[in-house]
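Each remark here refers to the structure printed beneath this line.
Quick note: the coordinates plus some simple rules give every number you see, no bench work behind them. For clarity, every value in this text was computed on a predicted model and none was experimentally measured. Note that each Cβ is placed from the backbone with ideal geometry, even for glycine, and that neighbours are counted across all protein chains shown.
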Amino acid sequence: MCCSPGRRPGSGARSTVALATVTSADNEHPVAAGETAATFKLVHDHADRIYLWDYERCRTQLVTLYNKAMGSQWNSVTDLDWDLDVDPEGLVDQGSPSMQLFRATAAEPGSPIASWGEREFTALGIEMFKASISQFMHGEQGAMLTAAKIVETVPWIDAKYYAATQTMDEARHTEVFAKYLDLKVGEAYPMSPFLEEQITVLLEDSRWDIAYLGMQIVIESLALAAFGDMLRRTSEPLLAKLLRYVMSDEARHVAFGILTLKELYTGLTDAELKDRQEFLLDNTLRNRARSTTPEVWERLGVDAGALVPHLSAAAGKMKASPFAGFQRGFFAKLVPNVGKLGLLDANRGYLRDRWGAAGLLEFEHADDTLSDYASYDEVAKDRSMAR
Ligand SMILES: [Fe+2]
Ligand SMILES: [Fe+2]
């Protein structure tokens, strides 16, 4: 890594062409033509910034959460042992559902990876791991920007204070995933278009609570499920501790979202609540298109377009979707959290009916993250053990 103007991770010629439409809408912005796509993305926020004159600390649960956040800050330099050696091959979980899918894909008639042996599958596992950590890194930067937006736009002083601590947390998360990639596993992948779009919509929205709903409730629930899934599958001690510490913070962030939105949504009209319900449907049932990480296959010399039909055929023959476990983990977090906001039952159960038809309500009575966030606090557990 260097501090000179950097290129977007993984931005080879193909990726740069794909991003060429990202240009400054403001002609006075001092960006050299062609530089924007490779080094940064401009996002225009349409929300008002709010300067508050009322400093009274009246939301006691937010005060408690803020105090907890200050006490649970950890240090990315001294709390993690960056001298630990990491064997990239040891990071591959050969028994994971996705690796099972890739092996089944090789067995499909005419598959482009029919000749692959153990060496190639291990290389694939390493690249897939890098791709996952890369999305975590990009998503964390998006969380940092979103938390900063919340600091600017939320009209409650206790929420501004809390969001400021979250902004620092997300900076640390971005930094540790970037450092882990750089020091231990290798070159990052670009942000997936799906994730980029999902976060950009939040940053552009004029309604401040949509940044909360999309980040604190949807994406952070997704992150808790994804980090938890990786943590269960790894025995690498540096990564395990890093994930445990990041999750300690994330659970608190979700709790912050629930506390704030629960209060706000009791005062919204049915039409306003319907908007939020529609937003959740868009982010769950209507928009399931995920990146197929074509860059991973390209790095390995495989034509991703030619592979996809064989991947789909192999996935269709598997008893359960290779991503079913992860999806269940996500909805087990999301559904009770949304229930806590009152959005399942608003508008005569508009969201309850639709999520129910999709079979998602089995998680309705699972623990919500406001109730169980303290159980994620591995930082506090480690500190009390060290005493
Ligand atoms: Fe984070
Ligand atoms: Fe977070």
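Worth pointing out:
- Label positions at Met168 and Gln94, each projected 7 Å from the Cα along the C-beta direction, are separated by 4.5 nm.
- Taking the Cα centre of the chain as origin and assigning +1 to Lys and Arg Cβ atoms and -1 to Asp and Glu Cβ atoms, the resulting dipole is close to 660 debye.
- Trypsin sites (Lys or Arg not before Pro) within segment 239-329: DSSP coil, no more than 13 neighbouring Cβ in 10 Å: Arg288, Arg290, Lys319
- Compared with the dominant Cα axis of the chain, that is its longest principal axis, helix 118-153 is turned about 20°.
- Amide H partners (placed H, <5 Å) of Trp156, local residues excluded: none
- Relative to the Cα centre, the charge distribution of segment 74-121, modelled as +1 at Lys and Arg Cβ and -1 at Asp and Glu Cβ, gives a dipole magnitude of about 420 debye.
- Selection from Ile157, Gly110, Cys58 lying farthest towards where the dipole of the chain points positive, charges on Cβ: Gly110
- The modelled label-to-label distance between Arg387 and Arg328, using points 7 Å beyond Cα along the C-beta direction, is 3.8 nm.
- Alpha-carbon gyration tensor eigenvalues x 5, square-rooted, for segment 231-347, Å: 34, 22, 13
- Alpha carbon centroid spacing (whole Å) that separates segment 115-165 from segment 221-255: 11 Å
- Efficiency of FRET between Ala358 and Ser235 - r from beta-carbon atoms, R0 41 angstrom, step 0.05: 0.70
- Kirkwood-based Rg to Rh ratio, segment 74-180, C-alpha trace: 1.18
- Entries in Lys41/Lys262; Lys160/Lys241; Lys130/Lys333 that, when Cα-Cα distance is taken, lie over 27 Å: Lys41/Lys262; Lys160/Lys241
- Selection among Leu91, Leu124, Leu202 by position relative to the dipole of segment 91-226 gives Leu91 as farthest towards the positive end (Cβ unit charges, Cα centre).
- Dipole of segment 230-387 computed with +1 at Lys/Arg Cβ and -1 at Asp/Glu Cβ about the Cα centre; of Pro294, Leu370, Gly356, farthest Cα towards the positive end is Pro294.
- Translational diffusion of segment 48-386, µm² s⁻¹ [Kirkwood Rh, Cα pairs; Stokes-Einstein; 4 °C; 1.567 mPa s]: 61 µm²/s
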